[in-house]
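Remarks on the structure that follows.
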Amino acid sequence: MASDPGKKLFVGPRFRRIRQQLGLSQTQIAEGLGISPSYINLIERNQRPVTAQILLRLAETYDLDLRDLASADEDRFFAELNEIFSDPLFRQIDLPKQELRDLAELCPGVTHSLQRLYAAYTEARRGETMVAAQFADRDEGAGARYEANPIERVRDLIEANRNYFPELETAAEALRDELGVTTSHDLFAALSDRLREKHSTTVRIMPVDVMRETLRRWDRHRRQVLISELVDGSGRVFQLAIQVALAECGPVMEGIVNRAGPLDDTSRRLYRITLANYYAAAVMMPYVPFHSAAEELGYDLQVLGQRFNVGFEQVCHRLTTLQRPNARGVPFFMLRVDNAGNVSKRFSSGTFPFSKFGGTCPLWNVHSTFDTPDRMLQQVVELPDGSRYFSLAQMVRRPAAPYPQPQPRFAIGLGCEIRHAAKLVYAAGLDLEKAQGTPIGVNCRLCERENCSQRAEPPLTRTLILDENTRRVTSFAFSNAREL
């Protein structure tokens, strides 16, 4: 973003999102910037410009990166719109890319509404008759609301908050101070004592033949937390921390949920569960010591896991939440996939354009980890728009399963923009500027790269070319001209 002190910019929606992500009122941010609350109000309504001087003061006061201010959310919103309008449904609409960018920047709420509407459309189009019936038969008079996909709805809410919830961080830090534990290895006993002394709740590790497919169960009548013997040490601590969240942080979590606006019951429950999980991770890996250790260790995932007595996936997930003003970590993105390519987790504090309506690119080495289960894989990837990312991937196993059930396996992918990779020990000795990037796409239907032997389907924006006399490396050939 330009730093010319005379330059005036109308960036009201962007400024408002930044303020909300910081958890500040208009009065609070006005005090921090030394201007009046009324001027902040006019800026956010695009009735007054924000000068480069104010933006620089904002970045200095709240430890923000001006490059992130310029593009982070807009890039994500633009990627969502581009994916939606690549659908053949809009084939007859000649919509310039610049108009999509303008919409993403000026009207993020419209972008979000379009995404939800398109999600509902795709659910119905795929023949999910129950969802389609719910959409057709909903009782408008009773105030019922249709949510196409609660999982995607909650993911959107997490992204809107940049996967950072300061209220939960504060609550988790307060709990750690009250527990007085000096090492993570003492945390299970401390949480057990907390539940017993403050909530008259006992903790029992139960055999698998009693718990069966359940890993944790709250027995309200006997006031017992039952945890399966299949859960490992860090998992047991995590489950107890979730129980403490449900017992003590209800008002805090409810406030965050209410801030999201109207949600159906399924989405509200899922959001609360997600927030309880967030709190549990913050208890196990308190913000200040975890952020300090991550910076000192060059984000060494294995050592962080050992130091805080947590698993690989827990470390990766926690790293995506380090967005506290004046103490930010590397803005990571993370996903979890199974060996069929299904994405079951997706978090980002950066700008990686995850697809909302498809899988991932098979050329991304996150899929290769199932062939090398004991190795962490590194890769520089490059998207069609030229943006480059540094990626780490490793396979993880979930809690053991009794014979003959297979033990679940997942691949965890963790990455960041190439400009942040120098802070990682895994990039030591690499010339990041000259490193060859593996060309990947968001997914096959949105990727317009030609001659890809891994392509599963042609891009939606191109016309498929079929020739029985020719066999190419790729199964699909398509024209270079965009379909309109």
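Descriptive notes on the structure:
- Top-ranked residue in segment 181-212 [being of a type in the set (Ser, Thr, Tyr) and not in a helix (DSSP H, G or I); ranked as farthest from MET284 (Cα to Cα)]: SER200
Conditions tested, residue by residue: (1) surrounded by fewer than 19 Cβ atoms within 10 Å (Cβ to Cβ); (2) in contact with a Pro (Cβ under 7 Å, 6 or more places away or on another chain); (3) over 25 Å from GLN21 (Cβ atoms).
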site	(1), (2), (3)
LEU226	no, no, yes
ASP232	yes, yes, yes
LEU240	no, no, yes
GLY250	yes, no, no
SER267	no, yes, no
ASN277	yes, no, no
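- Residue within segment 408-427 that is over 23 Å from CYS316 (Cα atoms), surrounded by fewer than 14 Cβ atoms within 10 Å (Cβ to Cβ), over 22 Å from the mean Cα position of the chain (by Cα) and outside the structural domain of GLU213 (by TED's automatic domain parsing) present: no
- Members of segment 195-244 found to be in contact (Cβ under 8 Å) with a residue 40 or more places away in the chain, of a type in the set (Gly, Ala, Ser) and farther than 13 Å from PRO399 by Cα, listed by number: ALA241
- Test: residue in segment 258-266 that is farther than 27 Å from GLU197 by Cα, in the same structural domain as ARG176 (by TED's automatic domain parsing), among the acidic types (Asp, Glu) and in a helix (DSSP H, G or I): yes
- Unmet requirement for MET334, which otherwise passes all of (1) surrounded by fewer than 16 Cβ atoms within 10 Å (Cβ to Cβ); (2) more than 26 Å from LYS434 (Cβ to Cβ); (3) touching a Cys at 6+ places or on another chain (Cβ under 8 Å): (1)
- Residue that is farther than 22 Å from THR111 by Cβ, more than 29 Å from the chain's Cα centre (by Cα) and modelled with pLDDT of 80 or more, where the choices are LEU56, LEU42, LEU24: LEU42
- Filter result for LEU175 (closer than 24 Å to PHE290 by Cβ and either in a helix (DSSP H, G or I) or not acidic (Asp, Glu) (or both)): yes
- Residue check for LEU301: farther than 20 Å from LEU64 by Cα and either at pLDDT 90 or above or of a type outside the set (A, V, I, L, M) (or both): yes
- Flag if CYS416 is in contact with a Gly (Cβ under 9 Å, 6 or more places away or on another chain), of a type in the set (A, V, I, L, M, F, W, C), at pLDDT below 85 and under 27 Å from GLY341 (Cα atoms): no
- CYS452 being part of a loop (DSSP other than H, G, I, E, B), more than 30 Å from GLN302 (Cα to Cα) and modelled with pLDDT of 80 or more: yes
- For THR463, the test of being surrounded by fewer than 12 Cβ atoms within 10 Å (Cβ to Cβ) and β-branched (Val, Ile, Thr) is failed.
- So ARG375, is it more than 20 Å from the chain's Cα centre (by Cα) and either of a type in the set (S, T, N, Q) or over 30 Å from GLU60 (Cβ atoms) (or both): yes
- Checklist (1) assigned to a helix (DSSP H, G or I); (2) within 17 Å of the chain's Cα centre (by Cα); (3) within 17 Å of PRO166 (Cβ to Cβ); (4) β-branched (Val, Ile, Thr) applied to VAL315, failing item: (3)
- For ARG259, the conditions (1) within 20 Å of the chain's Cα centre (by Cα); (2) in contact (Cβ under 8 Å) with a residue 60 or more places away in the chain; (3) loosely packed, with under 15 Cβ neighbours inside 10 Å; (4) within 20 Å of GLU167 (Cα to Cα) are fulfilled apart from (2).
- Test: residue in segment 222-242 that is farther than 16 Å from ALA174 by Cβ, assigned to a helix (DSSP H, G or I), in contact with a Ser or Thr (Cβ under 8 Å, 6 or more places away or on another chain) and among the hydrophobic types (A, V, I, L, M, F, W, C): yes
- Annotation note: Cβ proximity below 7 Å between a residue of segment 329-344 that is at positive phi and small (Gly, Ala, Ser) and a residue that is assigned to a loop (DSSP other than H, G, I, E, B) and surrounded by 19 or more Cβ atoms within 10 Å (Cβ to Cβ) (sequence gap 6+ or interchain) occurs for GLY341/THR360.
- Residue check for VAL244: surrounded by 15 or more Cβ atoms within 10 Å (Cβ to Cβ), out of contact with any strand residue (DSSP E or B) (no Cβ under 9 Å at 6 or more places or on another chain) and farther than 28 Å from ALA400 by Cβ: no
- Residues of segment 359-380 satisfying the condition of being buried (at least 17 other Cβ atoms within 10 Å of the Cβ), touching a helix residue (DSSP H, G or I) at 6+ places or on another chain (Cβ under 9 Å) and not in a strand (DSSP E or B): THR360, CYS361
The values are calculated or read from the model by the stated rules, or taken from the named source; none is laboratory data. This structure is a prediction, so every number in the text was calculated from the model and none was measured. Every residue, glycine among them, receives a Cβ derived from its backbone with ideal geometry; neighbour counts consider all protein chains shown.
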